[in-house]
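The values are calculated or read from the model by the stated rules, or taken from the named source; none is laboratory data. A quick note: this is a predicted structure, and the numbers were derived from the prediction, not measured. Here the Cβ positions follow ideal geometry from the backbone for every residue, glycine too, while neighbour counts run over all protein chains shown. Surface areas here come from the heavy atoms of the whole protein model, side chains and all, with no ligands, DNA or RNA. Shrake-Rupley method; radii C 1.70, N 1.55, O 1.52, S 1.80 Å.
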Amino acid sequence: MGMSNKVTAILNFIALLCSIPLITSGIWLSKKADNQCVHLFRWPVLILGILLLIVSLAGFVGSYWNRQGLLAFYLFSMAALIVVLLILLIFAFVVTRHDGSYIVPGRGYKEYRVEGYSSWLRNYVTESENWSKVRSCLAQTDVCTELSQEYSSADHFFSAHISPLQSGCCKPPTICGFTYVNPTFWVNPANPTSDPDCLLWSNDQHQLCYGCKACQAGVLGNLRKEWRKANKALIITVVVLICVYIIGCSAYKNAQTQELFRRYKDGWA
């Protein structure tokens, strides 16, 4: 195996390693309750990580056994993957740039407003047909039942840093003035406010605040939080892959030059 092919094989091994954080991030995202219910956001990172693994293996095999056709396929596919990763990274950054959270005095957790998020993300998640499916899906998860198991007192719960999804869907908004019994059971005040979410709250464990605007905002907040974490893995992966690709292209050209020179030398001899 020539020096250029050795370099390419090493680079492909590095690219293969880059697929690991992508696959890990994809699995982590796919297991989150909000991503399980908002299907568009569930699989992209995992699928791209698996494709990167396959392409890197193809490049490694092509360089190790000097299969120039396989190497050409690798370089073309890697370029396409880098472009797709860049598009996904830019898209995820743009749609998660806005933050609808606000601080609640005396609470460790934040609450959320739908209007604070990007219009595309807001429209996709809260559009009536989509939201009815998301709402039904969330009601079947254990995202709210976990709260009752974890927090046994009001002080403990009010100081907790619960997720945006739990803040929006599992309890009534603080503005409603409900009295705490446990994280998912609250007593209505004598003079309830006119906020629609306060009227929609139900102590029925299958209803809670799943029909509230606050729940929609909580889902958006969760998606934003999780995808901004995933973006860190995407940024690192894209930077490394671009460097690997540039060096790989140079090594591939050198290998082609060496092959032409060898053929010319053999023909001259």
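Looking at the structure I just gave you, is Arg42 farther than 30 Å from Val219 by Cα and either open to solvent by less than 20 Å² (accessible area, probe 1.4 Å) or in the same structural domain as Arg228 (by the TED database) (or both)?
On the way: farther than 30 Å from Val219 by Cα: no; either open to solvent by less than 20 Å² (accessible area, probe 1.4 Å) or in the same structural domain as Arg228 (by the TED database) (or both): yes.
Answer is no for this residue.
Evaluate the stretch 124-131: report whether one residue or more is open to solvent by less than 30 Å² (accessible area, probe 1.4 Å) and either among the aromatic types (Phe, Trp, Tyr) or at pLDDT 90 or above (or both). Scanning the stretch 124-131, I find at least one residue that is open to solvent by less than 30 Å² (accessible area, probe 1.4 Å) and either among the aromatic types (Phe, Trp, Tyr) or at pLDDT 90 or above (or both), so the answer is yes. Restricting Pro183, Pro105 to residues that are more than 29 Å from Leu40 (Cα to Cα), of a type outside the set (Gly, Ala, Ser), open to solvent by less than 10 Å² (accessible area, probe 1.4 Å) and not assigned by the TED database to the domain that holds Phe91 narrows the list to Pro183.
If you check Val219, Val244 for being within 21 Å of Gly108 (Cβ to Cβ), within 27 Å of the chain's Cα centre (by Cα) and surrounded by 20 or more Cβ atoms within 10 Å (Cβ to Cβ), only one passes: Val219. In the stretch 31-98, counting only helices (runs of 4 or more DSSP H) that sit wholly within it, the ones holding 1 or more residues that are closer than 21 Å to Leu165 by Cα span 33-37, 68-95.
Looking at the stretch 142-221, the helices (runs of 4 or more DSSP H) lying wholly inside it that each contain 1 or more residues that are within 23 Å of Tyr117 (Cα to Cα) sit at 164-169, 196-200.
Inspect all residues belonging to the stretch 111-118 and state whether any of them is modelled with pLDDT of 90 or more, open to solvent by 50 Å² or more (accessible area, probe 1.4 Å) and not small (Gly, Ala, Ser). Taking every residue of the stretch 111-118 in turn, at least one turns out to be modelled with pLDDT of 90 or more, open to solvent by 50 Å² or more (accessible area, probe 1.4 Å) and not small (Gly, Ala, Ser).
The combined condition, being within 17 Å of Gly211 (Cβ to Cβ), out of contact with any helix residue (DSSP H, G or I) (no Cβ under 8 Å at 6 or more places or on another chain) and part of a helix (DSSP H, G or I), is fulfilled by Ser132.
Among the residues of the stretch 101-121, write down those that are in a helix (DSSP H, G or I) and of a type in the set (A, V, I, L, M).
The answer is Val114, Leu121.
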